[in-house]
1. Just want the ordering: 92, 106, from fewest to most Cβ atoms lying within 10 Å of their own Cβ.
2. Quick one: length gained pulling residue 37 to residue 96 fully straight, 0.36 nm per residue minus the C-alpha distance?
3. Arranged by the count of other C-beta atoms within 10 angstrom, fewest first, what order do 94, 10, 22, 123 take?
C-alpha cells in the first residue's frame, strides 16, 4: 500500500513563515534592549564601587592627617583624585554635632566636577572626635616616667593568622581540621 503525500502536508505555508518572522522581529529588539540595559547597569555599579573606594580612601586619609596634625579640618575642602585610571572629584565637609568635640564628616564623590554638589555617585558619612592627643602609653609599651600601671607589661607577640579561637570550638592550630 502506497501512501500518497499531498503537497499541502509538507513544509510551512507562507502565512506561517510570515508570522514566525514577525515574532522574531518583535522579540529580538526587546532582547537587545534588555541586554544593553544590563551592560549600562553593570557600568554604573562599577563606577559606584570605585567612587565608594575613593570616598573610603579620602576618609582614611583625613583620619590619618588629622591624627598627625592633632586637629580636624574645619569647614570644607574639595579636590580631585586619580584612581582606577580616571579622575574622581571629591568634597569633604566637617560639621559640628550636638556632642561637644565630636564632628560629622561627609565625603561626597562624583565622576564629574559639575555633578559633585547635586548628583554624587557616593556619599560617605563618618564621625570623628576632636580629642586627637597622642596617648603617651600606647598598648604594649612600657609606661614613661612612672605613669600608668605599676606592673611590668611585656609586648605581646603578634597573633599567627592560623591560630584562632571561635566560640564553642576551642583553639585550632595549623590550619583547618
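1. Fewest to most other Cβ atoms nearby, the residues stand as 106, 92.
2. Extending this stretch completely gives an extra 17.0 nm.
3. Result, fewest neighbours first: 10, 22, 123, 94.
Bear in mind these aren't lab numbers, they're just calculated from the coordinates by the rules spelled out. Keep in mind it's a predicted model, so treat the numbers as computed, not measured. Using ideal geometry, Cβ is built from the backbone for each residue, glycine included, and neighbour counts are taken over all protein chains shown.
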